[in-house]
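Asker: Just passing along the structure, written as structure tokens.
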Amino acid sequence: MSKISAKPRARDLGLPFDGVTGEFNAITDVAGVEVGFATLIEGEGAVEVGKGPIRTGVTAILPRGKRKMPSPIWAGQFNLNGNGEMTGTHWINEAGYFISPICITNTHSVGIAHHATVGWMIDQYPGFFRDDHAWAMPVIAETYDGLTNDICGRHLKEEHVLDALNSAVSGLVAEGNVGGGTGMITYEFKGGTGTSSRRVKIGPDEYTIGVLVQSNFGTRKDLKILGVPVGQNWPENAVVSEINQHETGSIIVIIGTDLPLLPIQLRRMAKRAAIGIGRTGTPGGNYSGDIFLAFSVANDLAWPGMHGEQPLSFALNFINDHYFDDIYRAIVQGVEEAVVNAMIAAESMTTVKPEGYTLKAIDHSRLRQIMGQYNRLLKS
């Protein structure tokens, strides 16, 4: 797992995001959720397919941590724009749950991530897969890192995915150039992995909503942070616009919670990720895969598998829709902040196709200056 350094985050720069966060301001504030990474960075210069440069990786999210028997993870999924991939979603949309980890990587490594995660599940849950006629349908998602990485070299291997899965832990989560986000871009600044969380109170009870994004989307001119048109005030070094003249990126948003919810409610929550990324300015580009998944770790059931004695019914607890306004608000706030956190933590990286450009990390001092010009109250 990538070492977690004390990189500044959006709130450290005084950006006044709304909402109360959990302890880590991360998806791991949801009890039981663990996150791991494998990060591959090697070489510079022009692409030589199969040799590099390599700037990629994989991010693993274990909604219920490392357990010896799986149970349903209730979920809902939504595509704002479907130019991308997230495996396992047919069953999620059919049945409303999945039982696997979630891995996020680059576009050309979905297959190896899927293969490795199946193997990990077989080893992790031997009583479920070896002693029963169960099958694995992992959730694997991707965004494209071909601007900075030899993506056609397919450098991610099975052992890297297993390392990310086995090293997953709770607590602080690394951001920026880590895991699947290593080679990604955001609004033509360096982007990557970002996370955030919110606490919500429903009646007497308090719950957590956590977000993790693999952020690889957006055209500079569209960038807004807390409503300020940052991109319009920062037009230089917009590499993608100079090269392609249109957006070619994507974003994966994973929303986790301990709220007890039905799958149809979780799908509605996943939809709100679109408003969260929309707050940062994107209209949702034609070539952008904007794919969202929401899951709940509540209603943890003992799962009998296909065989053995089957209960006649299950009882699920779920929140009344009447109280969802605060839930939706927390999701929108968390997604917006996670995208900005990905940019704040990222480090500059050279391009490989074409060679000769530098994908700049967002300059913290200049960002604060622009925000201040628009009378946005920055905390000291």
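The values are calculated or read from the model by the stated rules, or taken from the named source; none is laboratory data. Not measured: the values here are computed from a predicted model. Every residue, glycine among them, receives a Cβ derived from its backbone with ideal geometry; neighbour counts consider all protein chains shown. Calculation scope for accessible area: heavy atoms of the full protein, side chains included, ligands and nucleic acids excluded. Shrake-Rupley method; radii C 1.70, N 1.55, O 1.52, S 1.80 Å.
Asker: Scaled to the compact-protein estimate 2.2 N^0.38 Å, what is the alpha-carbon radius of gyration of region 126-213, rounded to two decimal places?
Answerer: Scaled against compact globular proteins, the figure is 1.46.
Asker: Moving on to the next point. Which loop-located GluC sites (Glu not before Pro) does region 198-250 contain, where loop means any DSSP state but H, G, I, E or B and the Cβ has at most 11 other Cβ atoms within 10 Å?
Answerer: Here the sparse-neighbourhood loop sites are 236.
Asker: Assign unit charges at the C-beta atoms only (+1 for Lys and Arg, -1 for Asp and Glu), then state the dipole size of the chain relative to its Cα centre in Debye, rounded to the nearest 20.
Answerer: 780 debye
Asker: Give me the percent of the accessible area of the chain that comes from carbon and sulfur atoms, probe 1.4 Å, all protein chains in place.
Answerer: 50 percent
Asker: Continuing with the same structure: Using θ = phi - 60° and the Karplus form 6.51 cos²θ - 1.76 cosθ + 1.60, what ³J(HN,Hα) does each residue of region 156-161 get, whole Hz, x for Gly and Pro?
Answerer: 6, 10, 4, 5, 5, 5
Asker: Evaluate E = 1/(1 + (r/R0)^6) for residue 326 and residue 79, where r is the Cβ-Cβ distance and R0 equals 22 Å; express this FRET efficiency to the nearest 0.05.
Answerer: On the way: r = 25 Å, r/R0 = 1.15.
Result of the calculation: an efficiency of 0.30.
Asker: I would also like to ask the following. Looking at region 149-220, which trypsin sites (Lys or Arg not before Pro) are DSSP coil and have at most 16 other C-beta atoms within 10 Å of their C-beta?
Answerer: In loop regions of region 149-220 (DSSP not H, G, I, E or B), the sparsely surrounded trypsin sites (Lys or Arg not before Pro) are 154, 157.
Asker: Among [x] 5, 23, 31, 24, 13, 3, 0; [y] 4, 19, 26, 22, 15, 9, 3, 1, 1, 0; [z] 5, 26, 34, 23, 9, 2, 0, which one is P(r) over Cα pairs in 10 Å bins from 0, in percent computed from these coordinates?
Answerer: [z]
Asker: Please determine, in degrees from 0 to 90 and to the nearest 10, the orientation of helix 324-345 with respect to the longest principal axis defined by the Cα atoms of the chain, where the helix direction is its Cα long axis.
Answerer: 50 degrees
Asker: Over region 242-330, with the other protein chains present, what is the accessible area per residue in square angstrom, probe 1.4 angstrom?
Answerer: Computed with neighbouring chains in place, this is 47 Å² per residue.
Asker: A follow-up question, please. Could you pull out the GluC sites (Glu not before Pro) across region 4-70 that fall in loop regions by DSSP (anything but H, G, I, E, B) with no more than 14 other Cβ atoms inside 10 Å?
Answerer: Answer in residue order: 23, 44.
Asker: Would you mind getting the accessible area per residue of region 101-210, heavy atoms of the protein chains only, 1.4 Å probe, in Å²?
Answerer: Spelled out: the 1.4 Å probe surface of region 101-210, per residue, equals 31 Å².
Asker: Roughly what angle does helix 364-373 make with the longest principal axis of the chain, taking Cα atoms, 0 to 90 degrees, to the nearest 10?
Answerer: That works out to roughly 80 degrees.
Asker: Here's something else I'd like to know. Relative contact order of region 315-370, please, whole-number percent, based on alpha carbon pairs below 8 angstrom and at least 6 residues apart.
Answerer: So the answer I get is 22 percent.
Asker: Could you pull out every residue, at least 5 positions away or on a different chain, whose amide H is within less than 5 Å of the one on residue 97? Hs are placed 1.01 Å off N in the peptide plane, and Pro or chain starts have none.
Answerer: Sorted by chain and number, the residues that satisfy this are 75.
Asker: Relative contact order for region 182-324 using alpha-carbon pairs under 8 Å, separation at least 6, rounded to a whole percent?
Answerer: 23 percent
Asker: Still on this model: Over the chain, what is the relative contact order in percent, taking alpha-carbon pairs closer than 8 angstrom and at least six residues apart?
Answerer: 25 percent
Asker: Starting at the first residue of region 101-115, write each ³J(HN,Hα) from the Karplus equation 6.51 cos²θ - 1.76 cosθ + 1.60 with θ = phi - 60°, in whole Hz, x for Gly and Pro.
Answerer: x, 10, 10, 10, 8, 8, 4, 8, 10, 4, x, 5, 5, 5, 4
Asker: Could I ask something else about it? Could you compute the FRET efficiency for residue 350 and residue 158, with r as their C-beta to C-beta distance and R0 at 30 Å, rounded to 0.05?
Answerer: With R0 = 30 Å, the Cβ-Cβ based efficiency is 0.60.
Asker: Let me cross-check residue 135: its accessible surface, 1.4 Å probe, with only protein heavy atoms counted, in Å² to the nearest 10?
Answerer: The accessible area comes out at roughly 150 Å².
Asker: Given labels modelled 7 Å from the Cα in the Cβ direction, how far is it in nm from residue 302 to residue 236?
Answerer: Output for this residue pair reads 6.6 nm.
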